[in-house]
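Q: Structure below; questions to follow.
No value in this document is a laboratory result; all are computed from the given coordinates. Fair warning: this is a prediction, and the values are worked out from it, not measured in the lab. A quick note on method: Cβ atoms are made from the backbone with ideal geometry, for glycine too, and the neighbour counts reach across all protein chains shown.
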Amino acid sequence: MNHLTRRTTIWICVFLACLGFVLAGWVFIPYTGIEADEALIGNSIFGPVPGDFQIRISHHIIPLMLMDYVGALKSWVYWLIFEIFKPSPESLRWPVLIIGAVTIWLFYLLLDRIAGPRAALAGCFLLATDTMFLATTEFDWGPVAIQHLMLVAACLLLFEFAQTGSWKSLLAGFFALGLGLWDKALFAWIICGLCVAAVVVFPKDVLRRFTVRNLTIALAGFLLGAWPLLVFNARHHWPTIRNNAAFSAGNMGQKAEILKRTLNGSGLFGYMVNDSSSVPPEVPERWLERASTSIADFAKDQHQNLLLPALLVCLLTAPLWRASRRAILFALIFMAVTWIQMALTRNAGGGVHHAVLIWPFPQFVVALALAEASQRWTRWGSVAFGVAIAFLCVTNLLLTNQYLACLIRYGPAVTWTDAIYPLSTSLANETGEVIVMDWDIYDPLLLLHRGGVHLRAGFFEVMNNAPGQSERAIDSMLATERAVFVTHTAEKQFFPLPNRKLETTAAAHGYRKELLRIVADGHGRGVFEVYQFVKE
């Protein structure tokens, strides 16, 4: 096989890996609703932007932040998308799937430049088939899609700078790091992990490149990428640091368990999808659904992949590491430092969307370590390597299919309930206020209605601890004409206290709760209550 044919074959394989990733995500779109954090980007597009989170340039309001540690970068991207396509599961998820595919492509380029096409193709397919990478990217409640893209882009650009000394690569690499920090301030974990790993593994290279000129270029790129976050903090006395930079050694065992469940792929059962149900499972209707459930039955309901055992095996091959030794050590130190930071951060690090921020370096380690080991086995090394990577990819795909089969049979968990769509439709003609009395309802409705329904976050007002504020909020709600209230059914409420407080106060003021309708999910389970209060 000549060089051109070989390169063409490789690029076709990379393209197929990226395409397969996008198509796998497309299959999941109809089976889940929209979660609140996933829909958060709509607040700065369709809702009023809090004064602290915006700046005014001329006569235009520019959103900078969605929360004091989450930037409006993704909202800037989706503003144009929603100008062309109305908000829907498709318009919300196709863009992040494409971002994920671009990340896979850049990951291939990074591995190819470090270790050659053998390891690069392996890492590309391991990442493209990874269930946690797919789920957290597609549903992007972290958010993590842009975080992964900026991490891999920065690594590729800074590796290019280390090889060539190109100031453009240095500028662009640190610009990507700045954008990642603006997207979500927890990206600081990643930046710190990269810095520690670089200094420990490549001390002479770092020192050689550490000049005033390079420092100036890197700082300029970083500040350019992170300027909205810096402007917001400079204007408001650094709330990102004051409100979030708190450390605690508590819950480390729980966070370690989350890390393990993220690595083995089981972390979203019971959280995103129902793994069992009190009602009979749905009977698959379409051919794809029948195929998915049949494969799940054949695989005996596989709930884990083999990434964690593969990582442990790779560590045992350490004596065989030669050309890729420093790259593998860099990845291991990065993962350790990044996870230790999240484990020690109070109120963070306890979710799959945190643990997955060390991606794609687990796949990086497996691809490089196994490729290095296979080259020591001259006769059968390539065959054994190919079989091992294929086996890992197949177990990844079986796990992804297990999630799909559970969605088909049992539906999504409350957090991603598909009942949000009939609820949205049922509220389309409401002319009065729609007062939301539980979490995970307001943001998806605001997005789906593009701000066209007068929504009010009643549960947030009732939870206000300021003296008398909760009582005044309830009085205001009860006095609002034609107000309609929405909450989850009693057994599915995230915050029962505001609902109880509202109903108790309403009864004391002579109001009777009148249920208008129960909104069910695709499996017939009641999820939402729509009601109003009537004066006795």
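Q: Where the centre of each part is set by its Cα atoms, how far does the stretch 222-244 sit from the stretch 15-60, in angstrom?
A: 22 Å
Q: Moving on to the next point. Rank Val530, Thr480, Ile435 by how far each Cα sits towards the positive end of the charge dipole of the stretch 417-535 (+1 on Lys, Arg Cβ; -1 on Asp, Glu Cβ) and give me just the farthest.
A: Highest projection toward the positive end goes to Thr480.
Q: Mean shadow of the stretch 417-535, computed from the convex hull of its alpha carbons, in nm²?
A: On the way: hull surface 27.6 nm².
Average of the hull's projected areas for the stretch 417-535 equals 6.9 nm².
Q: Work from the charge dipole of the chain (Cβ charges, +1 for Lys and Arg, -1 for Asp and Glu, about the Cα centre) and give the residue of Tyr271, Leu170, Trp11 farthest towards its positive end.
A: The Cα lying farthest towards the positive end belongs to Leu170.
Q: So what is the orientation-averaged projected area of the stretch 1-60, using the convex hull of its C-alpha atoms, in nm²? Display every interim value, and only then the final one.
A: Values: hull surface 34.5 nm².
Average projection, Cα convex hull of the stretch 1-60: 8.6 nm².
Q: Mind putting a number on the dipole of the chain about its Cα centre? Charges go on the C-beta only, +1 for Lys and Arg and -1 for Asp and Glu, and I need it in Debye to the nearest 20.
A: Working: 41 positive and 38 negative charges, 444 e Å.
Computed about the Cα centre, the dipole is about 2140 debye.
Q: Among 322-332, 177-187, 56-66, how do they line up from the highest to the lowest mean number of other beta-carbon atoms within 10 Å?
A: Details: 322-332: 19.1, 177-187: 25.4, 56-66: 14.4.
Final packing ranking: 177-187, 322-332, 56-66.
Q: Moving on. At 0.36 nm per residue, and after removing the present C-alpha to C-alpha distance, how many nm does the segment from Gln469 to Thr425 gain when stretched out fully? Present the calculation step by step, with values, prior to reporting the outcome.
A: Working: separation 44, 0.36 × 44 = 15.84 nm, distance 3.21 nm.
Fully extending the segment from Gln469 to Thr425 adds 12.6 nm.
Q: Give, as a single signed number, the net charge of other residues whose beta carbon lies under 14 Å from the beta carbon of Trp238, with Lys and Arg counted +1 and Asp and Glu -1. The partial results should precede the final answer.
A: Working: positive: Arg235, Arg242; negative: Asp52, Asp68.
Here the count lands on 0.
Q: Any chance you could give the angle, 0 to 90 degrees and rounded to 10, that helix 307-316 forms with the longest Cα principal axis of the chain?
A: 30 degrees
Q: Can you find, among Trp141, Pro228, Asn464, the residue sitting farthest towards the positive end of the charge dipole of the chain, where Lys and Arg contribute +1 and Asp and Glu -1 at Cβ?
A: Selected residue: Pro228.
Q: List residues of the stretch 156-177, by number, whose backbone nitrogen lies under 17 Å from a label position 7 Å along Cα→C-beta of Leu223.
A: Backbone N within reach: 171-177.
Q: Expressed in nm², what is the orientationally averaged projection area of the convex hull enclosing the Cα positions of the chain? Can you show the working numbers first?
A: Working: hull surface 114.5 nm².
The directionally averaged projection comes out at 28.6 nm².
Q: With a/c under 1.5 counting as rounded, go ahead and sort the stretch 266-362 into rounded, prolate or oblate using the C-alpha gyration tensor (a ≥ b ≥ c being the square roots of the eigenvalues; past the cut-off, prolate if a/b is larger than b/c, else oblate). Before the final figure, lay out each step's value.
A: Working: a/c = 3.60, a/b = 1.73, b/c = 2.09.
Oblate, because a/c is 1.5 or more while a/b does not exceed b/c.
Q: Please list 3J(HN,Hα) in residue order for the stretch 177-187, calculated via the Karplus relation 6.51 cos²θ - 1.76 cosθ + 1.60 where θ = phi - 60°; whole Hz, with x for glycine and proline.
A: Ordered by residue, 3J(HN,Hα) equals 5, x, 4, x, 5, 5, 4, 7, 5, 5, 4 Hz.
Q: Work out the P(r) tail for the stretch 327-372: percent of alpha carbon pairs separated by more than 11 Å, whole number.
A: 65 percent
Q: Let me ask another. How high is the FRET efficiency between Val534 and His3 when r is their beta carbon distance and R₀ equals 45 Å, given to the nearest 0.05? Walk me through the numbers before you get to the answer.
A: Details: r = 79 Å, r/R0 = 1.75.
According to the calculation, E is roughly 0.05.
Q: Along Cα→Cβ, 7 Å out, is where each label goes; now give me the distance between the ones at Arg290 and Trp377 in nm to one decimal.
A: My value for the distance between the label points is 4.1 nm.
Q: Can you give the FRET efficiency to the nearest 0.05 for Glu257 and Ile55, using r as the Cβ-Cβ distance and R₀ = 45 Å? Show your work: numbers first, answer last.
A: Working: r = 42 Å, r/R0 = 0.93.
The value I calculate is 0.60.
Q: Please determine, in degrees from 0 to 90 and to the nearest 10, the orientation of helix 325-344 with respect to the longest principal axis defined by the Cα atoms of the chain, where the helix direction is its Cα long axis.
A: 20 degrees
Q: What FRET efficiency would be calculated for the residue pair His236, Val77, taking the C-beta separation as r and a Förster radius of 25 Å, to the nearest 0.05?
A: Using R0 = 25 Å, I get an efficiency of 0.55.
Q: Could you give me the ³J(HN,Hα) list for the stretch 91-106, computed from phi with Karplus coefficients 6.51, -1.76, 1.60 and θ = phi - 60°, whole Hz, x at Gly and Pro?
A: After applying 6.51 cos²θ - 1.76 cosθ + 1.60, I find 5, 7, 9, 4, x, 6, 5, 5, 4, x, 5, 5, 4, 4, 4, 5 Hz.
Q: Sticking with this structure for a sec: Post the alpha-carbon centroid distance, the stretch 493-536 to the stretch 291-343, in whole angstrom.
A: Using only Cα atoms, the two centres lie 47 Å from each other.
Q: What dipole magnitude, in Debye to the nearest 20, does the stretch 25-129 give about its Cα centre under +1 on Lys/Arg Cβ and -1 on Asp/Glu Cβ?
A: Values: 6 positive and 8 negative charges, 67 e Å.
Result for the stretch 25-129 is approximately 320 debye, rounded to the nearest 20.
Q: Here's a follow-up. Once amide H atoms are placed 1.01 Å from N in the peptide plane, what residues at a sequence separation of 5 or more from Ile55, or on another chain, have their amide H within under 5 Å of its amide H?
A: Answer set, sorted by chain and number: Ile62, Leu64.
Q: Taking a cut-off of 17 Å between Cα atoms, list the lysines near Lys74, but don't count ones fewer than 8 places away on the same chain.
A: Partners found: Lys86, Lys184.
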